[in-house]
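All remarks here apply to the structure that follows.
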Amino acid sequence: MAAPLRLAVEGMRCAACVASVEQALRGVGGVVGAHVNFADHTADVRGEVAAAVLISAIEAAGYRAREIVDEEAAEREKQATEQARYKTLLRKSGFALAVAVPALAFGFPAMLGGAMPHDWMRWGSPLLALLTLAVMLYSGLQFFVGAWKSLRHRAATMDTLIALGMAAAWSYSVAVTFAPQLFPAGTAEPFWDTIAVVIGLVTLGQALEMRSRGRTSQAIQRLIGLRPKTARVIRDGQENDIPLAEVRVGDTLRVRPGENIAVDGVVLDGHSRVDESMLTGEPVPVEKNSGAEVVGGTLNTNGSFLFRATRVGKDTALARIVELVRQAQGSKPAIGRLADRVTAWFVPAVLMVAATAFVIWLNFAPEPRLNFAMVAAVSVLVIACPCALGLATPMSVMVGVGKAAEYGILIRNGDALQQAGQLTTIVLDKTGTITLGKPSVTALLPVGDMDETALLRFAASLETGSEHPLAEAVLTAAKEKNIAPVSTQNFQAIAGYGVQGEIENRRVCFGNARFMAMQNVDCSALQTHAQQLAQRAATPMFLALDGRLAGIIAVADPVKPDSAEAIRRLHDLGLHVVMLTGDNAATAQAVAAQVGISEIHAEVLPQDKDKLVAERIARGEKVGMVGDGINDAPALARADVGFAIGTGTDVAIASADVTLMSGSLHGVPNAIAISRATVRNIRQNLFGSFIYNALGIPIAAGVLYPALHLLLNPMIAGAAMAMSSVTVVGNAGRLRFFKP
């Protein structure tokens, strides 16, 4: 299947608009899935379909769209467009509110019991008819255009509510101005002030919402801003600054002090310290020497060096991070789908409530009945905008995912963001997760006529074909002692046990005690030594030649300096922490004692890790799995939320819902704290939106009038509607200041 198409969508103003666009996209042949993000006005579409066809479908639904090809250019264009739109909305709001001043002034005498309406209507009302018509055609034109487009497609949106309310108020006002004799005595009172104030306040609310919404995408903007515009490339012996887009894989680039690294690569010459906080969230610069990998977007602090470009353009780590953050920000957690279900019937229901309120007031209210009926119907239409409902979830998700990225936590989707805060159990792999994953040989114990050099030579020769972290320790030790591995025939790696092969016509096995038992190798001669090594958190590995024990090589993997503190934070968050490892029980117990874990499962095979996670989920636990190796991938995929250590394998990262770029376990409690804060924020927004409509619509319809003689003025309804959206956006913005 082709990569998802990303479209910028213009003209959406409420959750009902989102539903209309999604429906239009899903109706296109070849579309497998479509998701529209109201917060940043984009659509992601999966399927075998051309962008032009999707754009036509969106335009047929009454909106505008364009394909996003260059994300950076699209972001700049979006910011420029929104800034221009913000200024336009302010001008429109200013004009409407300026007209509202004389409209309110003309109404004051009648409100205060002074001159009767007909005394000032003779000269003031016709002028206000023209001024408010200008307000509707200039300040409120977008509502009427949107309502007409929705009507053509048999849909109803926020524009429908505003346009109906304002058109009804203006038509009624014109009628009572120029033909007052058609109305019962005392009912011929226009609504000029309502029209100007409502359109002015709603438009002002849209402007404030747009301004606040722009701030929620700051995480993406900051990441994109890390890319330098040019790179200093050495070609044909000449150093030249060229546009970043012209850098190719294999180019040699120079980085000077204080510059951002242009693309991913490997250091060829020189030495420096690089600030990788944008990638890992860790503030301490990292030493870079010849052979070290560097990442595009990171900051070179003090030295100068040359490096060879290995990944450019969309393949760089920064580009992939930006894309992951975008996808996560546009995704929708389960809690947010509630708003989608409500939106489907919300606007039609509001139209029915408004019509019902009008009929009831017209038939059962005291005089002037017609005035009361108009006020109730218009107030219901104005106050019931579903904007806040549509913004409640995506705004919080955008800010929450961006906040996580600041701490080096990449969250793949909205469901992972929601579920991370609901976890009850955290399962930790040991090697590379709790420990550094950089083990070293700490002891060589040969048996009989075997010496240390031969023991290490046989082990290193076997491990040349292995990718296990312990294999790297053996190979490093051999290299340091200038021991050259020899060729191995019939090599075989047995996951969770060890490796075997033929070296110099001898059958060699190297692995744990269980592997030796499988091979019927007697290990009793070194069993006491093995136990003592394990109690010191070293892993004893047995070597056998032709079925006889030849010795032990002990490898120790130091615990990460911050693992114990991170695990303490997990306990403080109320989570039960479990350690899984394929290592022997004594070593696992020693490591667990250092970091404060009480439940340990040692000598676990890869398939058993997956099984253990599945069993806990079946018992009703919400399980998070943290790992870094290929053998962790099944368990990571099985868990409710999989956390991959970013320094681990690509397979583990691809299997996980959350990637911890720094490799520190602190990323897990940080992710859980950010998840809980984000979901709490979403619930606040949804609760506020539902309560606003649940209370506002009945009050606007007049349920308080019989008891309190209180009927909501449409102007107050307009102000409340405008501020509901601004409040939701502002509440989501509070997450930007959250610190886990």
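The values are calculated or read from the model by the stated rules, or taken from the named source; none is laboratory data. Predicted model only: the values in this text are computed from it and were never measured. All Cβ positions, even for glycine, are placed from backbone atoms using ideal geometry, and neighbour counts span all protein chains on display. Accessible surface is based on the protein model in full, side chains and every heavy atom, while ligands, DNA and RNA are left aside. Shrake-Rupley method; radii C 1.70, N 1.55, O 1.52, S 1.80 Å.
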**Item:** Single condition Met721 does not satisfy, out of (1) under 30 Å from Thr424 (Cβ atoms); (2) in contact (Cβ under 8 Å) with a residue 40 or more places away in the chain; (3) not β-branched (Val, Ile, Thr)
**Value:** (1)
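From Ala538, Ala530, which residue is buried (at least 18 other Cβ atoms within 10 Å of the Cβ) and farther than 26 Å from Ile426 by Cβ?
Working: Ala538 fails: farther than 26 Å from Ile426 by Cβ.
That would be Ala530, the only listed residue that is buried (at least 18 other Cβ atoms within 10 Å of the Cβ) and farther than 26 Å from Ile426 by Cβ.
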**Residue, modelled with the highest pLDDT, within region 282-319, restricted to residues that are among the small types (Gly, Ala, Ser) and out of contact with any strand residue (DSSP E or B) (no Cβ under 7 Å at 6 or more places or on another chain)** = Gly313
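Given the criterion at pLDDT 80 or above, open to solvent by less than 20 Å² (accessible area, probe 1.4 Å) and among the hydrophobic types (A, V, I, L, M, F, W, C), identify the matching residue among Ile195, Ile224. Walk me through how you get there before you give the answer.
Working: Ile224 fails: at pLDDT 80 or above.
None of the other options fit; the residue is Ile195.
Identify the residue in region 60-76 that is open to solvent by 50 Å² or more (accessible area, probe 1.4 Å) and in contact (Cβ under 8 Å) with a residue 60 or more places away in the chain and, among all such residues, is nearest to Val45 (Cα to Cα).
Narrowing region 60-76 to residues open to solvent by 50 Å² or more (accessible area, probe 1.4 Å): 60, 64, 66-67, 69-70, 76.
Those left that are additionally in contact (Cβ under 8 Å) with a residue 60 or more places away in the chain: 60, 67.
Numbers: Ala60: 17, Glu67: 11 Å.
Step by step, filter region 60-76, then rank; the result is Glu67.
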**Item:** Residue among Ile567, Ile552 that alone is hydrophobic (A, V, I, L, M, F, W, C) and closer than 27 Å to Ala484 by Cα
**Value:** Ile552
**Request:** Among the numbered conditions (1) out of contact with any strand residue (DSSP E or B) (no Cβ under 8 Å at 6 or more places or on another chain); (2) touching a residue at least 40 places away in the same chain (Cβ under 8 Å), tell me where Ala57 comes up short.
**Result:** (2)
**Any pair with Cβ under 6 angstrom, 6 or more apart, that starts in region 539-553 at a residue that is farther than 11 Å from Cys523 by Cβ and part of a strand (DSSP E or B) and ends at one that is open to solvent by 10 Å² or more (accessible area, probe 1.4 Å) and not aliphatic (A, V, I, L, M)** = Thr539/Asp583; Leu545/Arg506
**Item:** Condition broken by Leu612, with the remaining ones in (1) assigned to a strand (DSSP E or B); (2) among the aliphatic types (A, V, I, L, M); (3) within 31 Å of the chain's Cα centre (by Cα) satisfied
**Value:** (1)
**Message:** Here is a check on your reading of the model: is Val703 modelled with pLDDT of 85 or more, under 30 Å from Ala167 (Cα atoms) and of a type outside the set (Lys, Arg)?
**Reply:** yes
**Complete:** Of the listed residues (Val233, Val249, Val255, Val267), the one being farther than 30 Å from Ala39 by Cα, surrounded by fewer than 16 Cβ atoms within 10 Å (Cβ to Cβ) and modelled with pLDDT of 90 or more is Val249
**Message:** With the requirement that a residue be within 28 Å of the chain's Cα centre (by Cα), of a type outside the set (Gly, Ala, Ser) and under 12 Å from Gly265 (Cα atoms), what does region 291-309 give you?
**Reply:** Glu293, Val294, Val295, Thr298
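Within region 479-496, take every residue that is part of a strand (DSSP E or B) and not polar (S, T, N, Q) and give me the one that is surrounded by the fewest Cβ atoms within 10 Å (Cβ to Cβ).
Taking region 479-496 first, the residues part of a strand (DSSP E or B) are 489-494.
Add one more test, that the residue is not polar (S, T, N, Q), and what stays is 491, 493-494.
On the way: Phe491: 18, Ala493: 17, Ile494: 13.
Here the residue is Ile494.
Based on this model, can you work out whether Val499 counts as in a strand (DSSP E or B) and either within 20 Å of Ala443 (Cβ to Cβ) or at pLDDT 90 or above (or both)?
Working: in a strand (DSSP E or B): yes; either within 20 Å of Ala443 (Cβ to Cβ) or at pLDDT 90 or above (or both): yes.
Answer is yes for this residue.
Which residue is nearest to Lys430 (Cα to Cα), if the candidates are limited to region 575-608 and must be charged (D, E, K, R) and assigned to a loop (DSSP other than H, G, I, E, B)? Write out each step before concluding.
Filtering region 575-608 down to residues charged (D, E, K, R) leaves 583, 599, 603, 608.
Restricting the remaining residues to those that are assigned to a loop (DSSP other than H, G, I, E, B) gives 583, 603.
Details: Asp583: 8, Glu603: 11 Å.
The qualifying residue nearest to Lys430 (Cα to Cα) is Asp583.
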**Prompt:** In region 375-478, which helices (runs of 4 or more DSSP H) lie fully inside it and hold 3 or more residues that are within 22 Å of Leu570 (Cα to Cα)?
**Reply:** 387-406, 414-420
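Report yes if Ala349 is outside any helix (DSSP H, G or I), at pLDDT 80 or above, among the small types (Gly, Ala, Ser) and open to solvent by less than 50 Å² (accessible area, probe 1.4 Å), otherwise no.
Numbers: outside any helix (DSSP H, G or I): no; at pLDDT 80 or above: yes; among the small types (Gly, Ala, Ser): yes; open to solvent by less than 50 Å² (accessible area, probe 1.4 Å): yes.
No; evaluated as a whole, the condition is false for this residue.
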**Request:** Report yes if some residue within region 559-574 is buried (at least 22 other Cβ atoms within 10 Å of the Cβ), touching a Gly at 6+ places or on another chain (Cβ under 8 Å) and under 24 Å from Gln492 (Cβ atoms); otherwise report no.
**Result:** no
**Request:** State whether the residues of region 338-345 include one that is part of a helix (DSSP H, G or I), at negative phi, modelled with pLDDT of 85 or more and open to solvent by 10 Å² or more (accessible area, probe 1.4 Å).
**Result:** no
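Restricted to region 198-210, and to residues that are small (Gly, Ala, Ser) and more than 16 Å from Val378 (Cα to Cα), which residue is surrounded by the most Cβ atoms within 10 Å (Cβ to Cβ)? Steps first, please.
Quick first cut of region 198-210, residues small (Gly, Ala, Ser) only: 200, 205, 207.
Those still in the list that are more than 16 Å from Val378 (Cα to Cα) too: 205, 207.
Working: Gly205: 25, Ala207: 21.
Among residues in region 198-210 that are small (Gly, Ala, Ser) and more than 16 Å from Val378 (Cα to Cα), the one surrounded by the most Cβ atoms within 10 Å (Cβ to Cβ) is Gly205.
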**Request:** Report, by residue number, each residue of region 77-89 that is more than 28 Å from Ala156 (Cβ to Cβ), open to solvent by 60 Å² or more (accessible area, probe 1.4 Å) and at pLDDT 85 or above.
**Result:** Lys87
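In the set Val441, Val382, which member is open to solvent by 10 Å² or more (accessible area, probe 1.4 Å), farther than 30 Å from Leu226 by Cβ, touching a helix residue (DSSP H, G or I) at 6+ places or on another chain (Cβ under 7 Å) and touching a residue at least 24 places away in the same chain (Cβ under 8 Å)?
Val441
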**Request:** Filter region 5-28 for residues that are modelled with pLDDT of 85 or more, touching an Asp or Glu at 6+ places or on another chain (Cβ under 7 Å) and either of a type outside the set (A, V, I, L, M, F, W, C) or not in a strand (DSSP E or B) (or both) and give the result.
**Result:** Arg6
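For Asp522, are the conditions met, namely being closer than 27 Å to Ile426 by Cα, open to solvent by 10 Å² or more (accessible area, probe 1.4 Å) and not small (Gly, Ala, Ser)?
Spelling it out, it is not the case that Asp522 is closer than 27 Å to Ile426 by Cα, open to solvent by 10 Å² or more (accessible area, probe 1.4 Å) and not small (Gly, Ala, Ser).
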**Within region 709-740, considering residues that are at pLDDT below 80, open to solvent by less than 50 Å² (accessible area, probe 1.4 Å) and among the polar types (S, T, N, Q), the one nearest to Pro366 (Cα to Cα)** = Ser724
**Request:** Could you list, in sequence order, all residues of region 358-373 that are assigned to a helix (DSSP H, G or I) and either among the aromatic types (Phe, Trp, Tyr) or modelled with pLDDT under 85 (or both)?
**Result:** Phe358, Trp361, Phe364, Arg369, Leu370, Asn371, Phe372
**Request:** Looking only at region 590-601, decide whether some residue is open to solvent by less than 20 Å² (accessible area, probe 1.4 Å), within 24 Å of Ala513 (Cα to Cα) and polar (S, T, N, Q).
**Result:** no
**Message:** Out of everything in region 424-438 that is within 25 Å of the chain's Cα centre (by Cα) and either open to solvent by less than 10 Å² (accessible area, probe 1.4 Å) or of a type in the set (Asp, Glu) (or both), what residue ends up being farthest from Val604 (Cα to Cα)?
**Reply:** Thr425
